[in-house]
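Here is the structure we will look at, set down as structure tokens.
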Amino acid sequence: ARLQDGTVRCWGLNDYGQLGNGTQTNAATPVAATGLGEVVEVSGGGYHSCALLRDGTVRCWGRNSGEPNGIGGGQLGDPTLDAYFSATPVAVTGITNATAVAAGGYHSCALRDGRVWCWGQNDQGQLGTGTLDPPGYLPRNPTPVMVSGITNAIAISAGGFHTCALLQGGTVRCWGQNDYGQLGDGAIIVPQTRPPIPRPVPTPVMVQGITTAVAMQAGVFHTCALLQDGRVQCWGWNDFFQLGNDPPAVNASSTPVTVNGITNPAVLAPGAEHSCVLLQDGTVRCWGDNNFAQHGNGSPRGIFNPPTAAVTGLTTAITASSGAEHACAVLQDGRVQCWGRGLFGRLGDGQDRNSPEGEAPRRSPRRRGAAPGAPRSGWGPVLSSR
């Protein structure tokens, strides 16, 4: 979370130094990321995080490889870094005057002057340059490269192995992994196969039917957009009904489907097998997988579609974000509340357990002062603003 004074606090798993405090010790309460300066936006990826600074530069920390043995990756963006992780932030080479940052699974991206620059793993075409890393060989790609064919982007979001950009005029383009239809281009998919048939797309493709989007957010294997008329549409993996349509698409949808039962949405927060949305009245509603209490409302464990009742006790939320199996919201008074899977302390309340059924989202007084504003990118906890 970015605090109002421009500092960053992180909590949870820290095996690759992704909390940025110079250690590899998990933290069940927030710790300060060091060496950043004034931060205006922060994005959490799979095992790394990135921050956009007030001066337009970007720093990243955490895992720097695509494989545990150090092969591939380069998602921290420092060509001089040979280590497979860094527990303190490092400067991304060549990025200046950036206006947004997005951390994905093993890649990262930044937005500058309508163009998107990405770095890190490229086995699925995550970098958007029209090329793929060779099969069986994963080089590091720490130097940012410009995504092909995008000149008027206004927002970016990185999923597990794909990235999307919201363009001026309301269209969305995506690139990278498309095994589950998460690029939204209508490609024929066969998600019933396990593992799914690989479908990397290394150049941006247009999401079908989206022409009036005002916001967009990528989950791990699915993506959602908020339209001008107030509808929310999602596409991609749907094994857990995380797309929110009724009747649900089978397994996956490579074209956008409308989330049912949502009125007056404000902020999108898709995770891995669940999705959440913040409404204009300050409440949050979630759907999809609830096996770790990701819905935050006391619903029984299981899978639910369409969206269930609002998250218990949240009436003044001003932004929200989902991790893979948990979610967090910033309240008007600057507190942060989290719910869902609490393994490794990811709920930030000093405990290492899931939210019990019927329990309200957890809070910690140490997390007061979180900055307001919609999360722009990434699929880990992202609570920030410019």
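The values are calculated or read from the model by the stated rules, or taken from the named source; none is laboratory data. Keep in mind that what you see is a predicted model, and the values were worked out from it rather than measured. A quick note on method: Cβ atoms are made from the backbone with ideal geometry, for glycine too, and the neighbour counts reach across all protein chains shown.
A few remarks follow.
- Residue identified as surrounded by 24 or more Cβ atoms within 10 Å (Cβ to Cβ) and small (Gly, Ala, Ser) among GLY170, GLY160, GLY130: GLY160
- Considering residues of region 1-52 that are small (Gly, Ala, Ser) and surrounded by fewer than 23 Cβ atoms within 10 Å (Cβ to Cβ) only, the residue modelled with the lowest pLDDT: GLY37
- Only residues that are farther than 15 Å from GLN208 by Cα and crowded, with 22+ Cβ neighbours inside 10 Å were counted across region 224-237, and they come to 1.
For (1) in contact (Cβ under 8 Å) with a residue 40 or more places away in the chain; (2) out of contact with any Pro (no Cβ under 6 Å at 6 or more places or on another chain), each residue gets a yes or a no:
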| site | (1), (2) |
| --- | --- |
| GLY22 | yes, yes |
| GLY35 | yes, no |
| PRO68 | no, yes |
| GLY73 | yes, yes |
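- Candidate set from region 302-320 (those that are hydrophobic (A, V, I, L, M, F, W, C) and more than 17 Å from LEU331 (Cα to Cα)); member that is surrounded by the fewest Cβ atoms within 10 Å (Cβ to Cβ): ALA309
- Any hit, region 55-66, residues being aromatic (Phe, Trp, Tyr), under 27 Å from GLY136 (Cβ atoms) and either surrounded by 22 or more Cβ atoms within 10 Å (Cβ to Cβ) or without any contact (Cβ under 8 Å) to a residue 12 or more places away in the chain (or both): no
- Per the listing TYR106, TYR16, TYR84, TYR47, the residue uniquely among the aromatic types (Phe, Trp, Tyr) and over 27 Å from CYS338 (Cβ atoms) is TYR84.
- Qualifying strands (runs of 3 or more DSSP E) (wholly inside region 65-176; at least 2 residues being within 22 Å of ALA225 (Cα to Cα)): 100-103, 107-112, 115-120, 153-158, 162-167
- Selection from region 211-222 of residues that are touching a Leu at 6+ places or on another chain (Cβ under 8 Å) and either buried (at least 23 other Cβ atoms within 10 Å of the Cβ) or not in a loop (DSSP other than H, G, I, E, B) (or both): ALA213, VAL214, ALA215, MET216, GLN217, HIS222
- Number of residues in region 67-85 that are farther than 19 Å from GLN24 by Cβ and of a type outside the set (Ser, Thr, Tyr): the value is 5.
- A count restricted to region 162-177 and to residues that are β-branched (Val, Ile, Thr) and farther than 13 Å from CYS118 by Cβ stands at 2.
- Any hit, region 16-31, residues being on the phi > 0 side of the Ramachandran plot, touching a helix residue (DSSP H, G or I) at 6+ places or on another chain (Cβ under 6 Å) and part of a strand (DSSP E or B): no
- Across region 238-253, the qualifying residues are those that are assigned to a loop (DSSP other than H, G, I, E, B) and among the polar types (S, T, N, Q), and the one among them that is surrounded by the most Cβ atoms within 10 Å (Cβ to Cβ) is GLN242.
- Cβ pairs under 9 Å, 6+ apart, first in region 142-159 and within 13 Å of ASN122 (Cβ to Cβ), second among the aliphatic types (A, V, I, L, M) and assigned to a loop (DSSP other than H, G, I, E, B): PRO142/LEU76; PRO142/LEU81; PRO142/VAL92; PRO144/VAL92; PRO144/ILE95; PRO144/LEU127; VAL145/LEU127; VAL147/LEU127
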